[in-house]
Amino acid sequence: MTSARDEILRRVRSALDGVSPAVAVPPAPRAPDRGDLVALFVERVEDYRAEVTRCTPAELDGLVAEVLNGAQAVVPPGLGLDVAGSVVDHGLTSIELDGIDAVVTRAAVGIAETGTIVLDHQPDQGRRVISLVPDLHVCIVDSSQVVADVPDAIALLDPARPLTWISGPSATSDIELDRVEGVHGPRTLHVVVVA
Amino acid sequence: MRVALQVTCVNDAMFPDTGKAVVRLLRRLGVDVDFPRAQTCCGQPMVNTGYLDEAVPVVRTFVDAFAGYDAIVTPSGSCAGSARHQHSIVAERSGDAVLQAAVAETGPRTYELSEFLVDVLGVTDVGAYFPHRVTYHPTCHSLRMLGVGDRPQRLLEAVRGLTLVDLPHATECCGFGGTFALKNADTSVAMGADKARHVRDTGAEVLVAGDNSCLMHIGGMLSRQRAGVRVMHLAEILASTEETEGESDGPVVGERAGDLA
Amino acid sequence: MSGTFVGMPAFPTAARAALGNTQLRRNLAHATHTIRDKRAQVVGEVEEWEALRLAGAGVKEAALRDLATHLETLEESLIRAGAVVHWARDAEEACEIVAQVAKSHQVDEVVKVKSMATLEIGLNDHLEREGIAAWETDLAELIVQLGDDLPSHILVPAIHRNRAEIREIFRTRMAASGRPAPDDLSDDPAALAGAAREHMREKFLRAKVAVSGANFAVADTGTLVVVESEGNGRMCLTLPEVLISVVGIEKVVATWSDLDPMLRLLPRSSTGERMNPYTSTWSGVHPGDGPQEVHVVLLDNGRTRALADDVGRQALRCIRCSACLNVCPVYERTGGHAYGSVYPGPIGAILNPLLKGVSDEQTASLPYASSLCGACFEVCPVRIDIPSVLVDQRAAVVDSHRDDRRPKAEAVAMKAAAWAFSDSRRLAWAERASGLAGRVMSRFSRTTLPGGRAAAGRLPGPAAGWTGARDLPAPPEESFRAWWDRTDGGQFGEGR
Ligand code: SF4
């Protein structure tokens, strides 16, 4: 008996018998020059009804505390920032995380055109689950991490790592195709842009 | 330039006034238009219903009838689209290399009326006079298959006396769709009902389009509703002048009662 | 659990019923117009949209044309990354694989991310028969599942429901499968989304096994991609210990960088956003992060049938954005259920016959469920020429009946028309007959079109389909051809 694998591959080959595999794939166009990328990034993130604050490296500690406003936060082990009263994630269970209000992470890349932050879950961002279960996500992006558009991000990112692309808070268009924020993921996304 | 009129089977059998209007209009613009007698139909009814084998002799008749003309002008976006985009499918199916070559060479010579006027003759003011409130429905095939763009509007805007009003949701299909109008009559009518409503909302006296088959559908609904809006092919409006306008109490449409008495 | 499409009538019959549902008509018109406008706006923002579409179509077409190579590469990359790869020839085989993996972990429930492939194979019903509950976690899927309903849209399976209906479903049905809806639940979409959040959370936190699909599978890196909005996808892809992804073989793209045009095209075409809230990518098992047992089921189920069709192959480029549904004038009025498949709308009208063939009457009716207006092709981000494939599938339907002992009336009529249209003398003869009929109609008809032309009102027999709602102009007494002959092209006699 042939295996499903061999059978499917055989069907594919016979379906394409005589079909030339050569297809000229036109390159995807580049985005036009948008000028100040950080400004565009901030504007586009705000369009998703996420909150955005800009600050200097010296202001960061204070600003994060202000945004958390007393809420308890989980932080990844490599955050590199002192967050008062926070819990460092060393393998918290989902149930434990469900009892924590907020999470503070850094990011790998910010995409200006689409207002997206991408996490590649290095030690300064932590496991995927910690930026998912708590209801408030404070994400620190360095202005040097902001790129123009999707292709720039793809070129920088390593597919061997798990990636989470985040564009605004959790949302749905499932009711009458109208967007409402706040379903399963964090209902509030606060992006801090450091420059 | 040798110019042939492809009147289309629908116009030939059901709307001869449109064909006459094209002849009158082109002559007025100095074009000596010919009507090749061997022509019948572009084959679209068969192709769009899936009868490709049946379409082969029809397409063959088409290319034979129009061989040797520099331009083939047709008052139908849909039939021009058929010649330019569908005949190759039929020819491929026939396996006849001669037909394939003929089709490839005939398609590009085929023009929808507004394309011929604007692109080939280079006119937008055709010297027409039509003192009525008119709205224009861009039919799907002229809009999306051919891409005639705003050529019909430019032609209409240049008509003296004519008031052109925008049709809301103009680019939405009217629901005709050839045999779709019969095979899925309920859906076709539901689409037509919305189109008719948008037409009525404009307060126009006349709905104009470049395809009589779509107009037959929308006009049939407007008539049933006693909406007081008539439908006219673009060619008939462009052919109207002060002279013809004076002869009747309204736009000329269809076979009028006294025409042949 | 949800219902089934099995036994659905052919499209015209199903459409007639749907067209009479006033609330459905209103819900659909509202939703499709909302999303159309949003899409048009964000697509209009991208100056190079057409070039992007060409790139997207190219990426998918190239992957399809060398599919065997890419599938082997994908398998290799996945295994290297720690995933277990399975192959499924058909729905039954795929369902069985998922059930076996779930059973090997002794679970009686799985959580699911919205996935067209698992809907297509009827996975939930299969698992239910095996004693495993499959919880849909996407909001719209939850609405469908709780309401014992069927999906009617690719992106928003509950598009046919409005907020008041959703509130009612949540109030009456949530309690039976977990945390009930709050007593004071309003029909405010934010409140409804909140109720879904509360209801699902406990299921996410306890689930051991998750089932997903994938929007893309990158061959050279073994990366799967899930594009979503709510975060239910992230929950399923991250929290459970075991993840099973059912992936149609047409989801493959060759390289990581091929994701570029796709991730720019999909959100703008789909939800009308510059980017969807969440996109997750993972490559096999990531130690210490997320599921530590990862299965990928590569599914054929008719895809190789479609692949063999030279005209229809392009339908496999589809990225399920549903833009074609949202602009379709037929879909807008009939809704998705009339198509009798999890793939409704223009793409469903070609994909179903391509995957399944046209031997059953219901599937054979789908290619005709279109006026060929071309709006679908205009918006499709991967440039699938849906109207051309529709026509080709119509030809497949006609060809499947060529050997019938008793041909259909339509076939007889088309043959007669082809005969008349093959020779202008025959056509002239037919026109004289129709002119005679027109003369009779003009004499006896009391209906006239605006402008004065005689017309027929309601007629019996085959003309009833037309004249039920549309007056039919009487044929003119003289055809254009006859006029041209009589007047020598308008030079003599009555010239106008
Ligand atoms: S056919 Fe094109 S428009 Fe329709 S769902 Fe697929 S990708 Fe989107």
Given (1) under 23 Å from C:Cys376 (Cα atoms); (2) more than 16 Å from the ligand (Cβ to nearest atom); (3) not in a loop (DSSP other than H, G, I, E, B), index of the condition C:Ala306 fails: (2)
Return the residues of the stretch A:53-108 that are assigned to a strand (DSSP E or B) and open to solvent by less than 20 Å² (accessible area, probe 1.4 Å); say none if nothing qualifies. A:Cys55, A:Ala73, A:Val74, A:Val75, A:Ala102, A:Val103, A:Val104, A:Thr105
C:Ser434 meets each of (1) touching a residue at least 12 places away in the same chain (Cβ under 8 Å); (2) over 45 Å from the mean Cα position of the chain (by Cα) with one exception, condition (2)
What pairs come up if the first residue lies in the stretch B:202-226 and is hydrophobic (A, V, I, L, M, F, W, C), the second is assigned to a helix (DSSP H, G or I) and open to solvent by 10 Å² or more (accessible area, probe 1.4 Å), and their beta carbons are under 7 Å apart, counting only those six or more places apart or on different chains? B:Met221/B:Ala193
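When you go through B:Arg37, B:Arg2 one by one, which is the residue that is facing chain C (nearest Cβ under 8 Å) and surrounded by fewer than 24 Cβ atoms within 10 Å (Cβ to Cβ)?
Among B:Arg37, B:Arg2, only B:Arg37 is facing chain C (nearest Cβ under 8 Å) and surrounded by fewer than 24 Cβ atoms within 10 Å (Cβ to Cβ).
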Given (1) within 10 Å of chain B (Cβ to nearest Cβ); (2) within 16 Å of the ligand (Cβ to nearest atom); (3) free of Cβ contacts under 8 Å to residues at least 60 places away in the same chain, where does C:Ala369 come up short, assuming only one miss? (3)
So in the stretch A:156-168, with the set limited to residues that are of a type outside the set (Phe, Trp, Tyr) and either within 7 Å of chain C (Cβ to nearest Cβ) or more than 16 Å from the chain's Cα centre (by Cα) (or both), which one is surrounded by the most Cβ atoms within 10 Å (Cβ to Cβ)? A:Ile166
Counting only helices (runs of 4 or more DSSP H) wholly inside the stretch C:17-124, the ones holding at least 3 residues that are at the interface with chain A (Cβ under 9 Å from one of its Cβ atoms) are C:22-44, C:49-65, C:67-80
When the stretch C:336-369 is examined, which residues are found to be among the β-branched types (Val, Ile, Thr) and open to solvent by less than 10 Å² (accessible area, probe 1.4 Å)? C:Ile347, C:Ile350, C:Thr363
Looking at the stretch C:375-391, which of its residues are under 15 Å from the mean Cα position of the chain (by Cα) and under 24 Å from B:Val189 (Cα atoms)? C:Ala375, C:Cys376, C:Phe377, C:Ile386, C:Pro387, C:Leu390
For residues that are open to solvent by less than 10 Å² (accessible area, probe 1.4 Å), under 14 Å from the mean Cα position of the chain (by Cα) and not small (Gly, Ala, Ser), scanning just the stretch B:219-239, find the one that is nearest to the other protein chains (Cβ to nearest Cβ). B:Met232
Of the numbered conditions (1) open to solvent by less than 20 Å² (accessible area, probe 1.4 Å); (2) in a helix (DSSP H, G or I); (3) of a type outside the set (Val, Ile, Thr), C:Ala134 fails exactly one; give the number of that condition. (2)
Give the number of residues within the stretch C:333-347 that are at negative phi and within 14 Å of the ligand (Cβ to nearest atom). 8
Does the stretch A:112-126 contain any residue that is touching a strand residue (DSSP E or B) at 6+ places or on another chain (Cβ under 6 Å), at the interface with another protein chain (Cβ under 9 Å from one of its Cβ atoms) and on the phi < 0 side of the Ramachandran plot? yes
In the stretch C:336-415, which helices (runs of 4 or more DSSP H) lie fully inside it and hold 2 or more residues that are closer than 30 Å to C:Arg274 by Cα and not basic (Lys, Arg)? C:345-356, C:375-379, C:386-400
Of all residues in the stretch C:111-128, which are touching a Cys at 6+ places or on another chain (Cβ under 9 Å) and either among the hydrophobic types (A, V, I, L, M, F, W, C) or farther than 12 Å from C:Gly213 by Cα (or both)? C:Val111, C:Val113, C:Ile121, C:Gly122, C:Leu123, C:Asp125, C:His126, C:Leu127
Looking at (1) in contact with a Cys (Cβ under 7 Å, 6 or more places away or on another chain); (2) more than 14 Å from the ligand (Cβ to nearest atom); (3) within 22 Å of C:Val59 (Cβ to Cβ), can you tell me which one C:Ser270 breaks? (2)
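Every residue, every condition in (1) surrounded by fewer than 20 Cβ atoms within 10 Å (Cβ to Cβ); (2) more than 16 Å from the ligand (Cβ to nearest atom); (3) not polar (S, T, N, Q); (4) not assigned by TED's automatic domain parsing to the domain that holds C:Asp220, yes or no:
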position	(1), (2), (3), (4)
C:Arg274	no, yes, yes, no
C:Pro277	no, yes, yes, no
C:Gly288	yes, yes, yes, no
C:Glu293	yes, yes, yes, no
C:Val296	no, yes, yes, no
C:Ile319	no, no, yes, yes
C:Cys324	no, no, yes, yes
C:Pro329	no, no, yes, yes
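Can you pull out the residues in the stretch C:416-446 that are in a loop (DSSP other than H, G, I, E, B), facing chain B (nearest Cβ under 10 Å) and among the charged types (D, E, K, R)?
Applying the first criterion (in a loop (DSSP other than H, G, I, E, B)) to the stretch C:416-446 yields C:422-423, C:445-446.
If we keep only those that are facing chain B (nearest Cβ under 10 Å) too, we end up with C:422-423.
C:Asp423 - this is the single residue of the stretch C:416-446 that is in a loop (DSSP other than H, G, I, E, B), facing chain B (nearest Cβ under 10 Å) and among the charged types (D, E, K, R).
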Residue hits (the stretch B:111-126; open to solvent by 30 Å² or more (accessible area, probe 1.4 Å) and assigned to a loop (DSSP other than H, G, I, E, B)) are B:Leu121, B:Gly122, B:Val123, B:Thr124, B:Asp125
Enumeration of residues in the stretch B:90-113 that are closer than 20 Å to B:Ser142 by Cα and modelled with pLDDT under 95: none
Could you tell me which residue of the stretch C:262-297 is nearest to C:Ala51 (Cα to Cα), considering only residues that are in contact with a Leu (Cβ under 7 Å, 6 or more places away or on another chain) and aliphatic (A, V, I, L, M)? C:Leu265
Positions within the stretch C:381-423 being touching a residue at least 60 places away in the same chain (Cβ under 8 Å), more than 18 Å from B:Lys183 (Cα to Cα) and either open to solvent by less than 20 Å² (accessible area, probe 1.4 Å) or more than 16 Å from the ligand (Cβ to nearest atom) (or both), in sequence order: C:Pro381, C:Val382, C:Ile384, C:Ile386, C:Val389
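Filter the stretch C:455-473 down to residues that are of a type in the set (A, V, I, L, M) and more than 8 Å from every other protein chain (Cβ to nearest Cβ) and give me whichever is farthest from C:Arg439 (Cα to Cα). So that I can check it myself, show each step before the final result.
Taking the stretch C:455-473 first, the residues of a type in the set (A, V, I, L, M) are C:455-456, C:459, C:463-464, C:469, C:472.
Adding the requirement that they be more than 8 Å from every other protein chain (Cβ to nearest Cβ) leaves C:456, C:459, C:463-464.
Numbers: C:Ala456: 12, C:Leu459: 17, C:Ala463: 18, C:Ala464: 20 Å.
This residue is C:Ala464.
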Of the numbered conditions (1) of a type in the set (Val, Ile, Thr); (2) within 14 Å of the ligand (Cβ to nearest atom); (3) in contact (Cβ under 8 Å) with a residue 60 or more places away in the chain, C:Ile350 satisfies every one except a single condition; which is it? (3)
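Give the residue, chosen from C:Gly222, C:Gly248, that is open to solvent by less than 10 Å² (accessible area, probe 1.4 Å), more than 10 Å from every other protein chain (Cβ to nearest Cβ) and either over 24 Å from the mean Cα position of the chain (by Cα) or farther than 29 Å from C:Arg201 by Cβ (or both).
Of C:Gly222, C:Gly248, the one residue that is open to solvent by less than 10 Å² (accessible area, probe 1.4 Å), more than 10 Å from every other protein chain (Cβ to nearest Cβ) and either over 24 Å from the mean Cα position of the chain (by Cα) or farther than 29 Å from C:Arg201 by Cβ (or both) is C:Gly248.
The values are calculated or read from the model by the stated rules, or taken from the named source; none is laboratory data. Note that the structure is predicted; figures quoted are calculated from it, not measured. Cβ: placed from backbone, ideal geometry, glycine included. Neighbour counts: every protein chain shown. Each accessible area value is taken on the protein alone, full model and side chains, heavy atoms only, with ligands, DNA and RNA left out. Shrake-Rupley method; radii C 1.70, N 1.55, O 1.52, S 1.80 Å.
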